[in-house]
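Have a look at the structure below before the remarks.
The values are calculated or read from the model by the stated rules, or taken from the named source; none is laboratory data. Keep in mind that this is a model prediction, so the values were computed, not measured. Note that we place each Cβ from the backbone using ideal geometry, even for glycine, and neighbour counts take in every protein chain shown. These area figures cover heavy atoms from the full protein model, side chains too; ligands, DNA and RNA do not enter into them. Shrake-Rupley method; radii C 1.70, N 1.55, O 1.52, S 1.80 Å.
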Amino acid sequence: MWSPSFPSWGPPPPLQLLLLLLPWPVWTQAPAAAASWGTPGALDCPEACVCAPGGQANCSERALPAVPGGLNRRVRVLLLNHNRVHALPPGAFVDAGALLRLDLRENGLRWVHARAFWGLGALEQLDLSANQLEALLPGTFAPLRALRALSLAENRLARLEPAVLGALPLLRALSLQDNDLPALASGLLAGLPALNTLRLRGNPWTCGCALRPLCAWLRGHPRHAPEAETLLCVSPGRLTLSPLTAFPDAAFSHCARPLAARDLAVIYGLGPVSFLASLAACLALGSAFTACGARHRRRRRAAARRQQRRQPDPCPGTASPAATAAQA
């Protein structure tokens, strides 16, 4: 009678089955995970986006009115350009804390909340160009301590306060071209120690005292502004078309220099004290004048009463009308 037998060199059947079953979770789950990340609307992929290996979520050119839902820490690159995201609310990207690159070009963006970029401490590249931003709130970019490249080009910015950028120690490239900036506020570039590329063309520079900080920076960093020689004044009339690099510091000698930090500290420290001292002095003088006036009036009344007592009767022999009436 024939009976099944196994070669002496092979493992027993239970061990063979175990070896066949052990790799099953590995080679079945990996393709499933890759498929879920690569299809729109699948698990872990933001809504209305197409995801690729490496953490890129492509949500561009989809007419999105807002930042899509479903963001997570697997997203490293988020492409939202050419949509209709007109506003960024607080914490718009808080679920994508591992984001390294964010592209928001050409969205018609008009308003960015001061806390819109909270949670993006790892972000290195931010592109907000070709939008309709007219102003940015203080602290908008303060959370982006790892930022290395920022583009605000082709917007409508007429002023950019130092508090908007804050201190960005790693920022190397800043694009401000094609805005409505007549000057750069004093201290704006002071918090950017690593800056080595600054693009400024296409702005209506007004060559007055407000332009002094920018001209000083351009003189001190001639290689960091590749378009510096093409930056021209548009006003006032006598300086129209004058290059910004042609103004030495002596050209601003008539301008009042900003106060140093030490001077400001003295002013802010002594200001309240001097105000209180002046107030106390005014109160003391007022009280003294009031007391002197009251004393003078009392003396005048006392002198008038004494003068009335000393005045003699004009007709000593004539009885008064009241006494005559009493006798009758």
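Data for the structure
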read-out: Highest-first arrangement of 235-246, 200-211, where packing means the average Cβ count within 10 Å; value: 200-211, 235-246
read-out: Gained length - R297 relative to L283, 0.36 nm times residue gap less alpha-carbon distance; value: 2.9 nm
read-out: From phi via Karplus (6.51, -1.76, 1.60), per-residue ³J(HN,Hα) for the range 155-162 in Hz, x at Gly/Pro; value: 10, 10, 5, 9, 7, 9, 6, x
read-out: Accessible carbon and sulfur surface of the range 47-103 relative to its total accessible area, %, 1.4 Å; value: 51 percent
read-out: Label-to-label distance, nm, for residues given as S186 and T230 (7 Å Cα→Cβ offset); value: 3.1 nm
read-out: Stokes-Einstein translational diffusion, the range 152-201 - Kirkwood Rh over all Cα pairs, 1.306 mPa s, 10 °C, in µm²/s; value: 143 µm²/s
read-out: Of all accessible heavy-atom area on the range 180-245, the percent that carbon and sulfur account for (1.4 Å); value: 57 percent
read-out: Packing rank of 219-231, 67-79, where each peptide gets the mean count of other beta carbons within 10 Å, highest leading; value: 67-79, 219-231
read-out: Two-decimal log10 I(q)/I(0) for the range 121-170, as the Debye equation yields it once each C-alpha is a single scatterer, q = 0.19 Å⁻¹; value: -0.61
read-out: Whole-Hz ³J(HN,Hα) from phi, Karplus 6.51 cos²θ - 1.76 cosθ + 1.60, for the range 176-181, glycine and proline x; value: 10, 5, 6, 10, 10, 7
read-out: Spin-label model distance (nm) - A135 vs S242, 7 Å beyond Cα toward Cβ; value: 3.1 nm
read-out: Accessible area in the full protein assembly, largest first, 1.4 Å probe, for D95, D180; value: D95, D180
